[in-house]
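Where a number appears in this text, it was derived from the coordinates with a stated rule and is not lab data. Keep in mind that what you see is a predicted model, and the values were worked out from it rather than measured. Glycine also receives a Cβ, built like all others from the backbone with ideal geometry; neighbour counts cover every protein chain displayed.
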Amino acid sequence: MKKSLGHISAFFAYTIFGFNIIICRDLSTLALISPMGLFCFRAIGATVLFWIASLFQPQEKVEKSDFPKIFLASMLGLFLTQVSFLKASTMTTPFDTSILTPLTPIFTMFIAAIVLKEPITLKKAGGVALSFIGVIFLVFNTVRVESGSVTETTPMGIVYMIGNCIFFALYLGAFRPLIAKYSVVTFMKWMFLFSAIVAIPFDIKELASLNIAALPTKYLLELGFLILFATFIAYFLIPVGQKVLRPTVISLYGYLQPIIATIMGIATGMDHLTWQKVLAAALVFTGVILVNKSRGKSSFAPTE
């Protein structure tokens, strides 16, 4: 039962992230708030929401020795990951972003092998490879970049996207034992508080001078989605999955993001279903199943 809840949580979290790619790109394109400013809004909003949520659960004490670890997890899983993605979305085309995103499970597999001693089995490696092939196949058969509609990808944009993948892979691969130690709300309220404390000094001038009332309604709605769904709800769901699923399995749900983009395109009439897309989706989810079936060391095996 717990394992099923973990899969459901990961599925919905990365589905939200799939929508978030489009929202973040739209917000970045309008450039009314800087990438650091957008992260500050996410961090402050989620901090308030998680601390309010903590009032409705039994109070949980965090060991003093764990605070430095939570701070490091916050820097890798939130601050560096989100800021690098927001920066990259202003410097990369949708095509290149989709190509680079699937690197996260590859990095996660190797990091989990080093930090958690999670073995890289043939079945697991094959599952990751199969899902990766599926996503690349999907991207090459669905992504179309109209001439002049987007800026060219810059070398720094690629660096930011690779950094985004590595930072989140480090978070997924290294902090599972710590995450399992505390409730989701307790862990995330400290994660976001630390991120907000670090981020605000970098953007204090913009935050102080920003006229929220002057922002367009559409922009405010997208900002609200970013804070409530893509930050508070999604980051509540991910630790639920991390408690019972191996890091590599969690990261594979990231392959949902380009699939969600395809579904949105079909739903809005901008795209249509083809055999290539069906085949790509089959490859992705077969890979997820293979990795999930691969047995890890018992000390890190998910509890049923």
Fill in the blank from the handout: Computed curve, the stretch 47-106, Cα-only Debye sum without solvent term, log₁₀ I(q)/I(0) at 0.17, 0.26, 0.27 Å⁻¹, is -0.80, -1.12, -1.15
Practice task
Go ahead and run the numbers for FRET between K2 and I133, Cβ-Cβ distance against an R0 of 35 Å, rounding to 0.05.
Solution key: 0.70
Fill in the blank from the handout: Under the helix-only model (-39500 (n - 2.57) for each DSSP H run of 4 or more, divided by the residues of the chain), the mean residue ellipticity at 222 nm, to 500 deg cm²/dmol, is -23000 deg cm²/dmol
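Pop the C-beta distance of F11 and I200 into the FRET formula with R0 = 22 Å and round what comes out to the nearest 0.05. Show your work: numbers first, answer last.
Working: r = 33 Å, r/R0 = 1.49.
Computed FRET efficiency for F11 and I200: 0.10.
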Practice task
For a label point 7 Å from the Cα of L215 along Cα→C-beta, name the residues of the stretch 234-256 whose backbone N is under 13 Å from it.
Solution key: none
Handout entry: Table column - 3J(HN,Hα) (Hz), the stretch 171-179, Karplus curve with 6.51, -1.76, 1.60, x for Gly and Pro
Key = 5, 5, x, 9, 10, 4, x, 5, 4
Practice task
State the answer as a single residue: which of V284, S89, A46 lies farthest towards the positive end of the charge dipole of the chain, with beta carbon charges of +1 for Lys and Arg and -1 for Asp and Glu, about the Cα centre.
Solution key: V284
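Find how much the distance from I289 to S183 grows on full extension, using 0.36 nm per residue of separation minus their present alpha carbon separation; answer in nm with one decimal. Each step should come with its number before you reach the end.
Details: separation 106, 0.36 × 106 = 38.16 nm, distance 2.74 nm.
In short, 35.4 nm is gained.
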Problem - T154 paired with A31, simple spin-label distance in nm, labels 7 Å along Cα-to-beta-carbon - result: 1.0
Exercise for the section: Excluding residues on the same chain fewer than 8 positions from K69, give the lysines whose Cα lies under 23 Å from its Cα. Expected result: K61, K117, K181, K189, K243
Exercise for the section: Quick one, can you get me the convex hull of the C-alpha atoms of the chain expressed as volume per residue in Å³? Expected result: 142
Problem - Partner lysines for K205 [C-alpha distance under 20 Å; skip if fewer than 8 residues away on the same chain] - result: K87
